[in-house]
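Q: Pasting a structure below so you can have a look.
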Amino acid sequence: MGRHNFLSIRDFSPEDIHYLLDLAHEMKTHPSAHTGVLKGKTLAMIFEKPSLRTRVSFDVGMQQLGGFSLYLSNAEINLGKRESVYDVAKNLERMVQAIMIRTYAHDIVERMAEYANIPIINGLTDYSHPCQAMADYLTMQELKGAVAGLKVAFIGDGNNVCHSLMFAGAQLGAHVWVAVPPGYEPRPEAVEWALQRGTRTGGTCTLTHDPVEAATDADVVYTDAWASMGQESEAELRRGVFAPYQVNSDLFRHAKYDALFMHCLPAHRGEEVTDEVIDSAHSVVYQQAENRLHAQKAILLELMQYREAPERPAVAARELAQFEI
Ligand code: CP
Ligand code: NVA
């Protein structure tokens, strides 16, 4: 693949995304084939926001591949306040072999990648959530056979999860419909990118304000929190604005008879989704969550296994040889 970072689904070719999904599937079905491949390697995980799935899946993924992971919260780093992004990157690259970071502004992840001489993985920013999209499409591939041609309806806020779902859908030839209240659309350049990439893969991206139009004949109905992490002060206002976009049985019945219900989680039951839908036989939210592990193991393997370790300086080797004599 030739990429050293996993910052955005947009940085890859459609072939790369297919390859990573196939690798994830292979690692899920033959887990023992990859035991120990990251022996002696450490992943630093910087979390500026809370997490259940991302933390546990990266942690367990590294263990299963024979490596270590290190959880670093604001209490340790306080990125940009206690220490600059540059200094954090330059310190960590001396001690660990890759960094996963969950933060607010997307440019922090990009700057980290610019400064650090080790792979950087985006574990969610305000703009995107690429690891989630990989798990989402792995789940669709498992349950629907192929992603190309599926109608994927994202209903709710045009947020980070929505952006990555659009990007990966465009890479894989899906028809992504996004139904949002006026004023909560995904970023125009994100839609533009999805449309452009779709011309190559057969994928499409359609924006609407009508949740029924999006849900009608959908193969997948997807939703996420109405207020993302960092938007807690808007939660009350958003509850009113987004109420017509709730994924409940009335809305879900417009989808195909065998449609999947998906959610990145955590869910706010009774808000963006009702218990009736998330607990129904259509819901695959826990398979999605499990697939974070498999999708990310493929990403870790790709970024960390084949990357050459920096050569030890020749002088150190000579000194060691003299010492041993
Ligand atoms: N879906 C997801 O990223 O979950 P966490 O916030 O718990 O990591
Ligand atoms: N949109 C949500 C996703 C959480 C995994 C958030 O950013 O809080």
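Read the figures in this text as sums done on the coordinates, not as results from a lab. Values in this document were obtained by computation on a predicted structure and should not be read as measured data. All Cβ positions, glycine included, derive from the backbone under ideal geometry; neighbour counts span all protein chains shown.
Q: Can you give me the relative contact order of region 1-99 as a percent, contacts being Cα pairs under 8 Å and 6 or more apart?
A: Value for region 1-99: 28 percent.
Q: State whether region 227-288 is rounded, prolate or oblate according to the following rule on the C-alpha gyration tensor (a ≥ b ≥ c being the square roots of its eigenvalues): a/c under 1.5 gives rounded; otherwise a/b larger than b/c gives prolate, and the remaining case gives oblate.
A: Here region 227-288 falls in the oblate category.
Q: Moving on. DSSP beta bridges in the chain, what fraction antiparallel, as a percent rounded to 5?
A: 0 percent
Q: Using DSSP, restrict attention to beta bridges with both residues in region 1-108 and report what percent are antiparallel, rounded to the nearest 5.
A: Bridges in region 1-108 are about 0 percent antiparallel.
Q: Treating cross-link reach as a plain straight distance, find the lysines whose alpha-carbon is under 25 Å from the alpha-carbon of LYS151, omitting any fewer than eight places away in the same chain.
A: Hits, sequence-local ones excluded: LYS256.
Q: So how far, in whole Å, is the C-alpha centre of region 129-176 from the one of region 228-243?
A: With region 129-176 and region 228-243 each reduced to a Cα centre, they are spaced 24 Å.
Q: When TYR184, TYR222, TYR257 are ordered from fewest to most other Cβ atoms inside 10 Å of their Cβ, what list results? Walk me through the intermediate numbers first.
A: On the way: TYR184 18, TYR222 27, TYR257 6.
So the ranking, lowest neighbour count to highest, is TYR257, TYR184, TYR222.
Q: For LYS39, give me every one of the lysines with a C-alpha distance below 30 angstrom, ignoring sequence neighbours fewer than eight places off in its own chain.
A: The qualifying lysines are LYS28, LYS49, LYS90, LYS297.
Q: For region 142-293, what is the percent of antiparallel DSSP beta bridges, rounded to the nearest 5?
A: 0 percent
Q: Also, I was wondering about something else. Counting only other residues whose beta carbon sits under 9 Å from that of GLY66, what net charge do I get with K and R as +1, D and E as -1?
A: Local charge sum for GLY66: +2.
Q: Using alpha carbons only, how many degrees (0 to 90, rounded to 10) separate the axis of helix 160-172 from the longest principal axis of the chain?
A: The helix 160-172 is inclined about 90 degrees to the chain.
Q: Can you compute the charge dipole magnitude of region 1-136 about its Cα centre, using +1 on each Lys and Arg Cβ and -1 on each Asp and Glu Cβ, nothing else charged? Give it in debye, rounded to the nearest 20.
A: Result for region 1-136 is approximately 420 debye, rounded to the nearest 20.
Q: Below 15 angstrom from the Cβ of ALA243, what's the summed charge of the other residues (Lys, Arg +1; Asp, Glu -1)?
A: -4
Q: Quick one: grab the alpha carbon gyration tensor of region 4-50, order the square roots of its eigenvalues as a ≥ b ≥ c, and give me rounded if a/c is under 1.5, else prolate or oblate depending on whether a/b is larger than b/c.
A: Judged from the Cα gyration tensor, region 4-50 comes out oblate (a/c at least 1.5, b/c at or above a/b).
Q: With the cut-off at 1.5 for a/c, could you classify region 155-289 from its C-alpha gyration tensor as rounded, prolate or oblate?
A: Because a/c hits 1.5 or more and a/b fails to exceed b/c, region 155-289 counts as oblate.
Q: Cβ under 12 Å from ASP107's Cβ, ASP107 left aside: what net charge do those residues give with Lys, Arg +1 and Asp, Glu -1? Before the final figure, lay out the partial values.
A: Values: positive: ARG111; negative: GLU110, GLU114, ASP126.
Computed value for this residue: -2.
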